[in-house]
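Below is one structure, written out as structure tokens; the observations come after it.
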Amino acid sequence: MNTLYNRHFLKLSDFTQSEIMYLIKLAIKLKQIKKNKKEIQYLLKKNIVLIFEKASTRTRCAFEVAAFDQGANVTYLGPGNTHFEYKESIIDTVKVLSRMYHGIQYRGHDHNIVKTLSQFSTIPVWNGLTDKYHPTQLLADLCTIQELCTQKYMHEIHCAYVGNAKNNISHTLLEAAAITGLNLRLVAPKQYWPDKKILLKCQLIAQKKYGTIICTENVAEGVKNVDFIYTDVWVSMGESDKLWEKRIQLLKKYQVNDTMINLTENEHVKILHCLPAFHDQTTIIGKKILNKFNLQTGMEITHSIFKKHSDTIFEQSENRLHTIKALIISTLTENNLVS
Ligand code: CP
Ligand code: NVA
């Protein structure tokens, strides 16, 4: 039996290093099997419910396609179209869902909600993003890093996360570094350094492995010789639009642009972005904010860098599907699929 069977996945550190590496290996195997059109369905007759209190493209589609590929059925519950928390408590809702489904995905605001769901659920609960963590994203990111650095151990890889380092992605990246030994530099102004408790806990764990985790305000020091630069939006879903002005003022020097790439002194540096990205004016928000603050070349990443590195970034997106598929198979069935 695989050790992930019947387990919740609320944060990356719910799983051990070997369990995370198992999921990544399985995801890479499932990706190959799908490409060869040789998929075996392990989730026939399973029912999965997806609760989304925030918008999503990748996470929803990855869960749905993973379920369809595996023969499972899916119900999507979008923002505002259930009784959840409005007319019916989280506890009552999850007790009902546990009797009808085999797994629950939840995306929302407060991390305590997904914790409550898991406490009263008799079936696995997967966190599809909260304000604090985005663990399924990091499975895909680690998978992408592994695919691009097949000859290296995680502790031989250096990644700089630049921009707003006080959000769900940076917090989960910290856990990823602590668990796998990936060397991580969080490059941001001090007020956007991560939650202190998460940072200290992860630094302590990382010390016992081979990896290092540091925070710096200095871009040149932060990105020098890194293998990867990872960035995310400066204002996350659910945060006020009023934050844009201050964030842009403080974070613009942390934009991924040609100057930053030159500072890496690594012509092979790879760029990661969880997406969506504000790199051009083809979206309503992108157009409004980029024009208002005179950011003609892009926001957290310039359009030209985004375009140049889009193969890696879209591979990272595709890997959401394969890693989520590995996660749902492993938590809903006893099968051990990696020898
Ligand atoms: N990266 C990510 O979670 O994308 P969605 O918001 O589209 O799900
Ligand atoms: N930090 C971003 C991640 C989106 C995938 C947000 O929460 O909006």
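The values are calculated or read from the model by the stated rules, or taken from the named source; none is laboratory data. The structure presented is a predicted model; accordingly, all values stated were derived computationally and were not measured. Glycine gets a Cβ as well: all are built from the backbone with ideal geometry, and neighbour counts include every protein chain shown.
Numbers below:
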| item | result |
| --- | --- |
| Close pairs from the range 149-176: first on the phi > 0 side of the Ramachandran plot and outside any strand (DSSP E or B), partner within 11 Å of ligand 2 (Cβ to nearest atom) and small (Gly, Ala, Ser), Cβ under 9 Å, at least 6 apart | GLY163/SER170 |
| Residue in the range 94-103 that is over 27 Å from THR333 (Cβ atoms) and in contact (Cβ under 8 Å) with a residue 24 or more places away in the chain present | no |
| Members of the range 132-156 found to be over 17 Å from the mean Cα position of the chain (by Cα) and of a type outside the set (Phe, Trp, Tyr), listed by number | LEU148, CYS149, THR150, GLN151, LYS152, MET154, HIS155, GLU156 |
| Residue check, ASP258 of a type in the set (Asp, Glu), free of Cβ contacts under 8 Å to residues at least 60 places away in the same chain and either farther than 25 Å from GLU221 by Cα or within 16 Å of ligand 1 (Cβ to nearest atom) (or both) | no |
| Qualifying residue in the range 74-93 (condition: in contact (Cβ under 8 Å) with a residue 60 or more places away in the chain and within 16 Å of ligand 1 (Cβ to nearest atom)) | no |
| Flag if THR59 is part of a helix (DSSP H, G or I), in contact with a Phe, Trp or Tyr (Cβ under 9 Å, 6 or more places away or on another chain) and over 28 Å from LEU26 (Cα atoms) | no |
| From the options ILE261, ILE198, ILE301, ILE248, residue that is surrounded by fewer than 20 Cβ atoms within 10 Å (Cβ to Cβ) and modelled with pLDDT of 95 or more | ILE261 |
| Strands (runs of 3 or more DSSP E) lying entirely in the range 183-297 (those with 3 or more residues that are away from ligand 2 (no atom under 16 Å from the Cβ) and not aromatic (Phe, Trp, Tyr)) | 183-187, 213-216 |
| Of all residues in the range 40-66 being away from ligand 2 (no atom under 16 Å from the Cβ) and within 20 Å of GLU315 (Cα to Cα), the one that is surrounded by the most Cβ atoms within 10 Å (Cβ to Cβ) | ALA66 |
| Selected residue (criterion: farthest from HIS111 (Cα to Cα)) from residues of the range 128-142 that are near ligand 2 (Cβ under 9 Å from one of its atoms) and crowded, with 24+ Cβ neighbours inside 10 Å | GLN137 |
| Qualifying positions in the range 264-284 - surrounded by 15 or more Cβ atoms within 10 Å (Cβ to Cβ) and without any contact (Cβ under 8 Å) to a residue 24 or more places away in the chain | GLN281 |
